[in-house]
1. Could you compute Rg(Cα) / (2.2 N^0.38 Å) for chain B, with N its residue count?
2. Could you calculate the contour length gain from B:Ser107 to B:Ile39, that is, 0.36 nm times the residue separation minus the distance between their Cα atoms, to one decimal place in nm?
3. Calculate the translational D of the protein assembly as shown in whole µm² s⁻¹ from Stokes-Einstein, where the hydrodynamic radius comes from the Kirkwood formula applied to all Cα pairs, the temperature is 25 °C and the viscosity 0.890 mPa s.
4. Restricting to Cα atoms and excluding each atom paired with itself, what does the Kirkwood estimate give for chain A in Å?
5. Whole angstrom only: what separates the Cα centroid of the range A:23-54 from the Cα centroid of the range B:40-110?
6. Take peptide B:41-53, look around each residue's Cβ out to 10 angstrom, count Cβ atoms belonging to other protein chains, and average those counts.
7. With r as the distance between the Cβ atoms of A:His5 and A:Ala39 and R0 = 25 Å, compute the FRET efficiency 1/(1 + (r/R0)^6) and round to 0.05.
8. Using a 7 Å offset from the Cα along the Cα-to-Cβ direction at both B:Thr26 and B:Leu51, what is the distance between the two label points in nm, to one decimal?
Amino acid sequence: SQTIHQWPATLVQPVGSPLSLECTVEGTSNPNLYWYRQAAGRGLQLLFYSVGIGQISSEVPQNLSASRPQDRQFILSSKKLLLSDSGFYLCASRDSYEQYFGPGTRLTVT
Amino acid sequence: DAKTTQPTSMDCAEGRAANLPCNHSTISGNEYVYWYRQIHSQGPQYIIHGLKNNETNEMASLIITEDRKSSTLILPHATLRDTAVYYCIVSGGSQGNLIFGKGTKLSVKP
């Protein structure tokens with residue numbers, strides 16, 4: 001099975017600061033990769049997905065961006081964080097019918 | 001938008017079967033039914049999936065109605081560790097994105 005690594009586990013950032021969250025995947029090759037966000041008490045919102053290196057699809061317009069520089073590396077970024085960017089960010093990988101999730105990063109924007 | 005409807009919350013006594021319903025009346029012929037669960041502050045965990053036949057694995061059973069418009073996830077002997085939010089998702093096979101709704105918060109009580 002796959003293993004998804006995410007870091008950092010928690011992050012507190014001021015409004016207007018940049019963001020970079022990294023996700024790496026082990027145990028598979030050429031997976032579909034996903035970034036989700038979960039606001040407090042809410043469901044998971046799909047932000048971005050990627051079917052290959054350099055291929056990014058955005059599900060919602062926002063001040064976040066994603067990149068996939070390597071097959072098993074997925075990065076979520078922002079140039080200037082907003083208060084509304086606070087939440088639990090999850091990276092996921094899928095190469096068949098099962099989707100594997102990472103442990104998540106809890107981001108608090110102050 | 002999620003294509004499924006689930007009750008907001010359910011309770012279950014420890015050791016009893018937990019039956020979690022899901023309506024997906026607009027499911028199309030090539031879409032699968034997936035179930036995931038999320039324990040507080042963790043990434044979602046895959047449970048089971050099916051197309052039209054009933055499925056069983058070491059975690060749960062999935063019963064899909066003949067018209068495929070609804071399904072039920074069965075945890076045969078619920079434990080306190082099964083307390084989580086359970087998500088029912090319909091998606092188009094291994095290439096489809098998983099769109100999470102609000103799920104059902106299952107509370108297993110002693």
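Read-outs throughout are calculated quantities, based only on the coordinates presented, and are distinct from any laboratory measurement. Treat the numbers as computed from the prediction; the structure is a model and nothing was measured. Here the Cβ positions follow ideal geometry from the backbone for every residue, glycine too, while neighbour counts run over all protein chains shown.
1. Working: Rg = 13.1 Å, N = 110, 2.2 N^0.38 = 13.1 Å.
Dividing the Cα radius of gyration by 2.2 N^0.38 Å gives 1.00.
2. Numbers: separation 68, 0.36 × 68 = 24.48 nm, distance 1.09 nm.
Roughly 23.4 nm would be gained on extension.
3. Working: Rh = 18.0 Å.
Answer, rounded: 136 µm²/s.
4. 13.8 Å
5. One Cα centre to the other: 20 Å.
6. Working: counts 5, 6, 15, 9, 3, 7, 1, 1, 3, 0, 1, 0, 0.
Mean partner shielding for this stretch: 4.
7. Details: r = 23 Å, r/R0 = 0.93.
E(calc), rounded to 0.05, equals 0.60.
8. Distance between label points: 2.4 nm.
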